[in-house]
Amino acid sequence: MRAMIDRRPHSRKAFLVVLAGLLAAIFALPGCETYDTLVEKDQVCDQRWADIDAQLQRRYDLIPNLVNVVKGSAKHESETLKAVTEARAQATSIKLTADDLTNPEKMAAFQKAQDQLKGSLSRLMMVQETYPELKANSAFHDLQVQLEGTENRVLRSREQYNAAVKDYNTELGKIRGSAVNKATGKPFKARVFFAAAAAAQAAPAVSF
């Protein structure tokens with residue numbers, strides 16, 4: 001009888017330990033789900049940024065061909081050609097890492113370089129109005145169409161990226177998201193939107 005009584009406190013203690021473990025698991029489950037959600041949304045942002053990067057690279061690749069075609073038909077546009085070449089060099093020199101996408105200053109510098117390139121490209125497209133030979137050039141015509149398509153894809157990719165960033169930042173800003181981020185050592189950081197200047201929103205006009 002005495003042995004049975006002596007075992008009860010130990011049994012009760014073991015029961016409480018198991019119960020505490022179960023309760024901890026129950027409360028931890030939503031936290032794990034929130035963490036997984038943040039990981040998923042963060043990866044979506046990375047994918048959307050990769051889409052932007054691919055379209056910007058396509059823009060960079062088109063520019064040398066455009067410059068060469070204009071150079072052959074509009075030899076007096078040296079300043080315009082120089083501005084485009086320099087703007088391309090500046091834009092391609094800024095390489096963003098995953099950490100940079102959460103840095104407002106680096107994102108601002110990247111956006112500024114892209115806006116300057118976009119502006120110089122728009123001026124280059126206007127050159128055709130002064131040079132009938134250039135306007136009738138089939139190679140220039142084809143490059144214009146490719147550039148317009150690329151600019152539209154850049155715009156669409158930027159919109160998709162910003163939508164993903166909004167979704168991710170919202171999840172991170174929620175009470176549970178903030179708590180999980182803090183509890184796990186703050187591995188998640190709010191991302192910066194990729195918002196081009198208002199003047200750079202529209203794709204270059206193409207007229208034939």
Checklist outcome for this item: Ranked from fewest to most other Cβ atoms within 10 Å of their own Cβ, Arg158, Arg153 fall in the order Arg153, Arg158
Checklist outcome for this item: Residues Cys45, Cys32 in order from fewest to most other beta-carbon atoms within 10 Å are Cys32, Cys45
Checklist entry - Excluding Ser178 itself, what net charge comes from residues whose Cβ is under 11 Å from its Cβ, given Lys and Arg +1 and Asp and Glu -1? => result +3
Next on the checklist: Placing one identical point scatterer on every Cα of the range 53-208 and ignoring solvent, what is log10 I(q)/I(0) from the Debye formula at q = 0.15, 0.18 Å⁻¹?
Outcome noted: -0.80, -1.05
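None of the figures in this text is laboratory data; all of them are computed from the coordinates on show. What you see is a predicted model; the values in this text were computed from it and never measured. Backbone-built Cβ (ideal geometry, glycine too); neighbour counts: all protein chains shown.
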